[in-house]
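Structure record follows, encoded as structure tokens.
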Amino acid sequence: MTFTFTYTDTDSSGDHLTAEPATGVDGLPVVALIAEQHRDTACVHIPLDRVEELVAGLRDVVRQAGGQQPTGDALTAAERRFLTFALDLAFDRMVSDDGFTDEAQAALKKLRRLAAMTLPVA
């Protein structure tokens, strides 16, 4: 017997947001977020390795909706420059050593996004 967990939230106007397991177009498992508003429906597939990032983002949105600033540690301009420099060195090293795996490429991409992030000043 297989059990499937589906979460649905309905707001006061009757709109629904559902999260359920699904299979992406590439055949890999994903979480499907389905928004239904009146007769319109939209669906977004979240890869399993991005779910924690989604949850963290939702927590920041909740905090902002409550009037708080995001709690993530924002990098200073100097820290962003240093991180970018270090990532450039790591990229050069990985390319020269033939060590550029898919996992390393994903990590580099994520860290480059972090280096580029800025949070609003209160």
*Of all residues in the range 2-56, which are in a strand (DSSP E or B), loosely packed, with under 11 Cβ neighbours inside 10 Å and hydrophobic (A, V, I, L, M, F, W, C)?*
ALA42
*Filter the range 63-82 down to residues that are farther than 17 Å from LEU111 by Cβ and part of a loop (DSSP other than H, G, I, E, B) and give me whichever is modelled with the highest pLDDT.*
GLY66
*Among the residues of the range 95-106, is there at least one that is modelled with pLDDT under 80, under 21 Å from THR8 (Cβ atoms) and assigned to a helix (DSSP H, G or I)?*
no
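The values are calculated or read from the model by the stated rules, or taken from the named source; none is laboratory data. Remember, it's a predicted structure, so these values are computed and weren't measured experimentally. So basically every Cβ, Gly included, is an ideal-geometry build from the backbone, and we count neighbours across all protein chains shown.
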